[in-house]
There are 2 protein chains.
Amino acid sequence: MRDQRKIEDIQLDFLVSALSDGRFISTEKVLNWLQEQNETVVNNVQPIPLKDLEGWHMANDMLCHASGKFFSIEGIRIHTNYRNTPEWDQPIINQPEIGFLGFITKKFNGVLHFLAQAKIEPGNLNVVQLSPTLQATRSNYTRVHGGTRPNYLEYFNGEKPVQVLVDQLQSEQGARFLHKRNRNIIVEVDEHEDVPMLPNFVWVSLKQIKELLWYPNVVNMDTRTVISCIRYGSYSEQTLHLLNALNPQANLTHKNSYIYSVLSEQNHYHELETIIHWITALKFKYEMEVQSIGLSQTRNWIYDGNTIHHEKNKYFDVIGVRCEIGNREVHTWCQPMVRSAQEGIMAFIVKKINGIYHFLVQAKLEAGNFDVVELAPTVQCLTGNYRKGENEYTIPYIDEVLNAPKEKIWYTCYQSEEGGRFYKEQNLNMIVEVGDEFPLEVDENYCWMTLNQMLSFVTYNNYLNIAARSLLSAISLQ
Amino acid sequence: MRDQRKIEDIQLDFLVSALSDGRFISTEKVLNWLQEQNETVVNNVQPIPLKDLEGWHMANDMLCHASGKFFSIEGIRIHTNYRNTPEWDQPIINQPEIGFLGFITKKFNGVLHFLAQAKIEPGNLNVVQLSPTLQATRSNYTRVHGGTRPNYLEYFNGEKPVQVLVDQLQSEQGARFLHKRNRNIIVEVDEHEDVPMLPNFVWVSLKQIKELLWYPNVVNMDTRTVISCIRYGSYSEQTLHLLNALNPQANLTHKNSYIYSVLSEQNHYHELETIIHWITALKFKYEMEVQSIGLSQTRNWIYDGNTIHHEKNKYFDVIGVRCEIGNREVHTWCQPMVRSAQEGIMAFIVKKINGIYHFLVQAKLEAGNFDVVELAPTVQCLTGNYRKGENEYTIPYIDEVLNAPKEKIWYTCYQSEEGGRFYKEQNLNMIVEVGDEFPLEVDENYCWMTLNQMLSFVTYNNYLNIAARSLLSAISLQ
């Protein structure tokens, strides 16, 4: 096993990239370039009845592909003592393969750049979104079935020498996917090595990706989850000096700077062991039994040949689409997709405690979770009806988020779910700061954590859910 | 949520306890006391045919209790690409409830003492073993079914104010249990609070527990797994001064001391991120599909009314026992137990790299693992036939362990598996130091880690398997 550079050096490289403009193309030009890509691609996605989906059929009471490959839509029945819905049925996506989401990075003028791809997916809003260098299934990656070789595969499978900077398994949407995980990986190529540039790829700094995150549905979910795994190290005077030398316009000067209040490892409200105790107690408290059942057995859900939908049209439905997609090469295929009944909201509440920003993290149970509860944003109601007041339960802290004064909103933007499975689904991503009037004492399912504490949980895999990670990716460091 | 004392202070308290004699009773007297306990208890455990087990029966092709409670013996079929057995069937224990393993601690004269219990379990070698203050199932703990209230429950369920020092979910034997986890917890009672002493309980220091670990089958597995979760912090000059002040006979003087080479957080061979990359790559590489099947469907396994056993009498069998056990109060019941076909070995190889001890950790796949692979000792062949040379695969590094020169053996002792499920099962626990001749480059399933790195993985739950944790508990700090 080839060892890495020192963690501290890697973290500083990420920090510099998060504070530096790109060398090759301005952020505005990336937007224009994506628009140009949009205009040259073929993108014809038509909803069609599930019963007419070529290659897909009902077998063993689940919707699956004739080849047995890809994924299937199955029914599950949940029993739990979490909140006040002790039992429900739902369809869920079962895709046992671990996906592969990878970025190549390389330093230009001392600044780490990410090789991003303008990629179309059938469910994409905006059609073309900024995506990782490589998105592949395990079968694509290992090429067990042959097929087209993915671009840049050689930087990830050991053929080319690289430094691995990040390599973690992270979960997908637990309300829609059963135990699905992706491998989130960032590799670094030597400064002196040429990386061939394909036409729909571009080098951008981390700061640019974070700037693009202020535009709705431009940066795809896979990019967001990969960059959410990045650690920036802890605040130190030395870091500050280095950052100023590398990037004078940042002009970081004093201990009360924003970067100190975000990155400090001092003055956290809870010790790590206390947070682990909190999680352990909740995993001990909440039971979740997930039973595989046939789709026809799922109570309150209807398959009518056209879609699989809830009898009250709540939550989501499963639709069929016929896709004709490509740039130079056009591919045609059919597949089922999940369509949300309405948009949702995912939001972190942030509060300064001991001079340091703390995020209010929720322990949330979802049917497809690998381990009962995952760490979620303060508010996450992907499929809720919160605007109509028709909830099965009241959503804690939703009012603080929806009624936040404008100057207290750190971040607000619509962002897409992954366009390979979710049909034109966007959710409002928000980060909202609260003041002294907001209590330190919170409900038992919630806990205050610093950014560094959240990132330590990200490092050890499978703790933060994808909604929390999506928000993490949007946190600015300046 | 009540917050903890500073982590550094808690870790120092554990370190002091690991270096201090007990205040109340010498380690020799603990052994005598256990012997006395042994002589006063009733312990009559008789193997009987499974078909005659009162309260247990075959239903849905599994062996379960008439009440639906406790646990069941079920069949599973495994498909995997790990090593060279791509498919096998086996019986496995399914006990979905999280167990509760808890120690009360309290400082006497500045030294943290652990309230240990002399406890009988039907499968125990030595009959009475030193156990945590509380061993309870989730149902015992929450008392959903009523029943006898466990002793000292009030220190763990929030009734009494305590400081939680450790609280983690950890796995059980992945080859025998399906996804079984226990909650390992250590609480601290205020120095000024009296804790009532029941006759079969004793206060011991951590050093004493570690001394008792040099006697075979005296300290039960539950105690070992709980104390394996303890972190001692990292080596510092300050720690050294404090330790010398508190315990002058330890006489820790220089940077080349054993404690430095065990606890230093400097000079590790691999960065944390590299180790995470190693684990991620293996979880990505190895597939494991576990399918629930009926016991009668398990190929190569036979249920003859008496036992469930392998057709070649390999691995283990499931037997029935009738138990009559107690000290003041005698309980009688019947239950199935797992009996190993022979003893096994679990051993860590240790090597000094950069002046710091590194442990050679194995990524091991077992059928009941929660997450494909767990971190295991260098050698772990619980059910192998290594002495007869009849292995299905060669066990790497077994020769280095079995042929280690006496002066290089840090630790060697037989230790029991948990006596509530395993019938008189003991395995040889070993820690063996290797020299410069042992290569730094190791097979892809192995990785060098320091003690502090292993303990960081313990903290984040579910990484180190129970065999590795059993060995961790035996590591002396002086």
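Report D for the stretch A:395-477 in µm² per second (integer): Stokes-Einstein, Kirkwood Rh on Cα pairs, 10 °C, 1.306 mPa s.
Once the numbers are plugged in, D ends up at 108 µm²/s.
What's the Kirkwood radius of the stretch B:49-102 in Å, using all Cα pairs?
That comes to 13.3 Å for the stretch B:49-102.
Please tell me which of these pairs span more than 18 angstrom C-alpha to C-alpha: A:106/A:207; B:207/B:424; B:180/B:424; A:285/B:180; A:285/A:352; A:29/A:207?
Pairs exceeding 18 Å: B:207/B:424; B:180/B:424; A:285/A:352.
Shortest first and in nm with one decimal, please list how far the residue B:328 label point sits from its counterparts in the other copies (point 7 Å along Cα→Cβ).
Spelled out, the distances from residue B:328's label point are 8.4 nm.
In nm², what is the average projected area of the convex hull enclosing the Cα atoms of the protein assembly as shown?
Result: 38.9 nm².
Just the number: Rg to Rh for the stretch A:156-236, Cα atoms, Kirkwood Rh, two decimals.
Radius of gyration over Kirkwood radius for the stretch A:156-236 works out to 0.99.
Which distances, in nm and shortest first, link the residue A:291 label point to the same label point in every other copy, taking 7 Å along Cα→Cβ?
2.2
Ranked by accessible surface with a 1.4 Å probe, highest first, in what order do B:193, B:87 come?
Heavy-atom accessible area, descending, gives B:87, B:193.
How many angstrom separate the Cα center of the stretch A:146-214 from the Cα center of the stretch A:316-381?
When both Cα centres are located, 20 Å separates them.
Just add up the charged neighbours of residue B:35: K/R +1, D/E -1, any other residue whose Cβ is under 12 Å from the Cβ of residue B:35.
Local charge sum for residue B:35: -2.
Taking the inverse of the average 1/r across all pairs of different Cα atoms in the stretch A:419-464, what Kirkwood radius in Å do you get?
14.1
Which distance in nm do the two modelled labels at residue A:327 and residue B:42 give, with both placed 7 Å along the Cα-to-Cβ direction?
The answer from the label model is 8.0 nm.
Just checking the output field for B:267-279: average partner chain Cβ neighbours within 10 Å of each residue's Cβ?
Across B:267-279, the average partner-chain Cβ count within 10 Å equals 5.
Sticking to Cα atoms, compute the Rg of the stretch A:249-313 to one decimal and its Dmax as the biggest Cα-Cα distance, whole number, in Å.
Expressed in Å, the Cα Rg and Dmax of the stretch A:249-313 come to 24.5, 64.
Principal axis extents for the stretch B:280-346, Cα atoms only, whole Å, descending order, please.
Answer, in whole Å and largest first: 54, 32, 25 Å.
Using the beta-carbon distance between residue A:265 and residue B:242 and R0 = 25 Å, what value does 1/(1 + (r/R0)^6) give for FRET efficiency, to the nearest 0.05?
After rounding, the FRET efficiency stands at 0.65.
Let me see the P(r) profile for the stretch B:73-228: every Cα-Cα distance counted, bins of 5 Å, each bin given as a percent of all pairs.
2, 8, 15, 19, 19, 14, 9, 6, 4, 2, 1, 0
For the stretch B:325-478, build the convex hull from the C-alpha positions and give me its volume per residue in Å³.
169
With every atom except the alpha carbons ignored, what do you get for Rg and Dmax of the stretch B:1-88, in angstroms?
24.2, 55
How big is D, in µm² s⁻¹, for the stretch B:108-150 by Stokes-Einstein at 10 °C and 1.306 mPa s if Rh is the Kirkwood radius over C-alpha pairs?
The calculation lands on 126 µm²/s.
If the label for residue B:354 sits 7 angstrom from Cα along the Cα-to-Cβ line, what are its distances to the same label in every other copy, in nm to one decimal, shortest first?
Ordered by increasing distance: 2.9 nm.
Along the axis that rotates chain B into chain A, which residue of chain B has the nearest beta-carbon, and what is the gap in whole Å?
Smallest Cβ distance to the axis, with its residue: B:460, 2.
Give me the net charge of residue A:95's neighbourhood, meaning all other residues with Cβ under 11 Å from the Cβ of residue A:95; Lys, Arg count +1, Asp, Glu -1.
+3
Based only on Cα atoms, what Rg/Rh ratio does the stretch A:324-381 have, Rh being taken as Kirkwood's radius?
1.24
Please give the solvent-accessible surface of residue B:322 in Å², to the nearest 10, using a probe radius of 1.4 Å with every protein chain present.
Accessible area, nearest 10 Å²: 100 Å².
Using only the Cα atoms of the stretch B:226-353, build the gyration tensor, take square roots of its eigenvalues as a ≥ b ≥ c, and label the shape rounded, prolate or oblate: rounded if a/c is under 1.5, else prolate if a/b is larger than b/c, else oblate.
Judged from the Cα gyration tensor, the stretch B:226-353 comes out oblate (a/c at least 1.5, b/c at or above a/b).
Tell me the Rg and the Dmax, in Å, that the Cα atoms of chain B produce.
According to the Cα coordinates of chain B, Rg and Dmax are 22.2, 64 Å.
Ranked from the most accessible area to the least, with a 1.4 Å probe and all protein chains present, what is the order of B:24, A:370?
The residues order as B:24, A:370, largest area first.
The values are calculated or read from the model by the stated rules, or taken from the named source; none is laboratory data. These numbers were taken from a predicted model, which means no experiment stands behind them. Cβ coordinates were reconstructed from backbone atoms using ideal geometry, including for glycine residues, and neighbour counts include every protein chain displayed. The protein model used for the area step is the full one, side chains on, heavy atoms only, and it has no ligands, DNA or RNA in it. Shrake-Rupley method; radii C 1.70, N 1.55, O 1.52, S 1.80 Å.
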